[in-house]
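Trainee: Structure provided below as structure tokens; questions to follow.
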Amino acid sequence: MPRCRSESLDFIHRARVREVNTVDIDAPPEAVFSVLKDPDSWPRWFKAIDKVTWTSPLPLAEKATRTVRLGPLSVDEYFFLWEENQRYAFCFTKTNLPFVKALVEDYRLEPLANGRTRFTYTVAYDPGRLFGLTGPLGKAFLARTFRKGCAELGRYMKAFS
């Protein structure tokens, strides 16, 4: 599998592409975080994902790793930030398709009044060779996928709680 450039959180401010989506969720941060950790929940609410597999031992924490399958795409991820029930962030380490050179995702949970949570989902990436073939359509497709995933988490949590 092709390696991706390892990055840290500051990559979000210097990546060529940055997508930020936010949704207010009718569940407390602890409940939302437990869903984000649950590999079986991902395909239920993030429809682009087929399977999530944690590849590091429990308990999950900083330096955790996982593999995510999205149709024909498989990615290995490394978690460089982990604040239980508040935030986590990771970078891609490998992909089987060269669609990005580097990618960082940041998941933030902020408590709101009445047991609600504001979820902010940031994805930053430097496009790879496949984006040369898809141009603006590829970027628009990814932006829509991230936006839809964020909204679907809100709907899933409403049904879940």
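Trainee: Can you pull out every residue in the range 63-98 that is modelled with pLDDT of 95 or more and part of a loop (DSSP other than H, G, I, E, B)?
Mentor: LYS63, ALA64, GLU84, ASN85, GLN86
Trainee: Tally up the residues in the range 1-18 that are assigned to a strand (DSSP E or B), closer than 19 Å to PHE79 by Cα and open to solvent by less than 80 Å² (accessible area, probe 1.4 Å), please.
Mentor: 0
Trainee: Next question. Can you name the number of the only condition in (1) of a type in the set (Asp, Glu); (2) touching a helix residue (DSSP H, G or I) at 6+ places or on another chain (Cβ under 9 Å); (3) closer than 21 Å to TYR125 by Cα that GLU77 fails?
Mentor: All conditions are met except number (2).
Trainee: Just checking, which of THR122, THR145 is assigned to a strand (DSSP E or B) and not acidic (Asp, Glu)?
Mentor: Numbers: THR145 fails: assigned to a strand (DSSP E or B).
Only one candidate passes the filter, namely THR122.
Trainee: Sticking with this structure for a sec: Which of the numbered conditions does LEU60 fail, given that it passes all the others? Conditions: (1) part of a strand (DSSP E or B); (2) hydrophobic (A, V, I, L, M, F, W, C); (3) free of Cβ contacts under 8 Å to residues at least 60 places away in the same chain.
Mentor: Failing condition for LEU60: (1).
Trainee: If you go through the range 115-139, how many residues are of a type in the set (A, V, I, L, M) and modelled with pLDDT of 95 or more? Lay out the reasoning, then the answer.
Mentor: First, pick out the residues of the range 115-139 that are of a type in the set (A, V, I, L, M): 123-124, 130, 133, 137.
Restricting the remaining residues to those that are modelled with pLDDT of 95 or more gives 123-124.
Residues flagged as of a type in the set (A, V, I, L, M) and modelled with pLDDT of 95 or more within the range 115-139 amount to 2.
Trainee: Please find, among PRO43, PRO29, PRO39, the residue that is open to solvent by less than 50 Å² (accessible area, probe 1.4 Å), free of Cβ contacts under 8 Å to residues at least 24 places away in the same chain and not hydroxyl-bearing (Ser, Thr, Tyr). Steps first, please.
Mentor: Numbers: PRO29 fails: free of Cβ contacts under 8 Å to residues at least 24 places away in the same chain; PRO39 fails: free of Cβ contacts under 8 Å to residues at least 24 places away in the same chain.
The conditions single out PRO43.
Trainee: Just one of (1) of a type outside the set (Val, Ile, Thr); (2) outside any loop (DSSP other than H, G, I, E, B); (3) surrounded by 15 or more Cβ atoms within 10 Å (Cβ to Cβ); (4) in contact with a helix residue (DSSP H, G or I) (Cβ under 8 Å, 6 or more places away or on another chain) trips up LYS101, so point out which.
Mentor: With (1) of a type outside the set (Val, Ile, Thr); (2) outside any loop (DSSP other than H, G, I, E, B); (3) surrounded by 15 or more Cβ atoms within 10 Å (Cβ to Cβ); (4) in contact with a helix residue (DSSP H, G or I) (Cβ under 8 Å, 6 or more places away or on another chain) applied to LYS101, the lone miss is (4).
Trainee: Restricting the search to the range 45-57, which residues are under 20 Å from LEU81 (Cβ atoms) and not in a loop (DSSP other than H, G, I, E, B)?
Mentor: VAL52, TRP54
The values are calculated or read from the model by the stated rules, or taken from the named source; none is laboratory data. Treat the numbers as computed from the prediction; the structure is a model and nothing was measured. Cβ: placed from backbone, ideal geometry, glycine included. Neighbour counts: every protein chain shown. Ligands, DNA and RNA are excluded from the accessible area calculation, which covers all protein heavy atoms including side chains. Shrake-Rupley method; radii C 1.70, N 1.55, O 1.52, S 1.80 Å.
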